[in-house]
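Report on the structure given below.
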Amino acid sequence: MSDVTAPKTMAAPLGAFAAGAVVAVLLGVFGRTHDPTLSGTTTLGFRTVIEMKVVLSSVIGVLVMLQLLGALWMYGVVGGHAPSWLGTAHRISGAVALLLSVFVGYSCLWALGLESGTLESGEEVPARAVVHGVLGCAVFGAVVVKVVAVRSRRAPGWFLPVAGGLLFALLMVVVLTSAAWYVGANGWPSRSGY
């Protein structure tokens, strides 16, 4: 019996990027058209929504850095031979980061929407908030791309590292424009806030 390898095709990357773009755009449209409200959000046991978002986003940032280190180790870029448990740890930490991102992303879109331009109060929406909102929507499109990359057996070899790198970069920018910015500007969240 011969060992036949399935031919590599661009269908998976092209389809994944198209589906990811649709997800990101739909989330953005929802964020622009939805009337923001705190009703229906959760604090997950934290005192305020902002505290929940800052703490969980900080945890997401740490998990994403561990994802990068794990991927580099598994690909043999750092640390020599990767231990057998690393693949499982990589999948689990990625799943936890995704689950936490869903809670934070939902809270952002539901409570704040996707803001740009000028608020009803006449205050300009900061560029940081616009970048954060747009890239926050793109994160979930990148998740679609990464899931397809992980599952695809016929995609080119570059697809998985590119999909992982894209998701890593987007998540880090979103964390830096949210939790890192908040802590830098206001300190760790207190009992006040939404």
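The values are calculated or read from the model by the stated rules, or taken from the named source; none is laboratory data. As the structure is a prediction and not an experimental result, all values here were calculated from the model. We place every Cβ from the backbone using ideal geometry, glycine too, and count neighbours over all the protein chains shown. Accessible surface areas use protein heavy atoms only, side chains included; no ligands, DNA or RNA. Shrake-Rupley method; radii C 1.70, N 1.55, O 1.52, S 1.80 Å.
Structure notes:
- With all projection directions averaged, the alpha carbon convex hull of segment 145-194 covers 4.7 nm².
- Both the radius of gyration and Dmax for segment 59-152 are 17.2, 57 Å, in that order, over alpha-carbon atoms.
- Computing Cα extents along the principal axes in Å directly from the structure and comparing it against [x] 66, 35, 22; [y] 59, 52, 34; [z] 70, 33, 27 singles out [z].
- Cβ crowding within 10 Å averaged over residues, with 104-111, 133-140, 117-124 ranked highest first: 133-140, 104-111, 117-124
- Peptides 145-153, 69-77, 36-44 ordered by average Cβ neighbours within 10 Å, highest first: 145-153, 69-77, 36-44
- Surface share of carbon and sulfur [accessible, 1.4 angstrom probe, percent] for segment 73-194: 69 percent
- Dipole-positive endmost among A71, L119, G40 within the chain (Cβ charges, Cα centre): A71
- Residues of the chain: accessible area per residue with a 1.4 Å probe, Å²: 57 Å²
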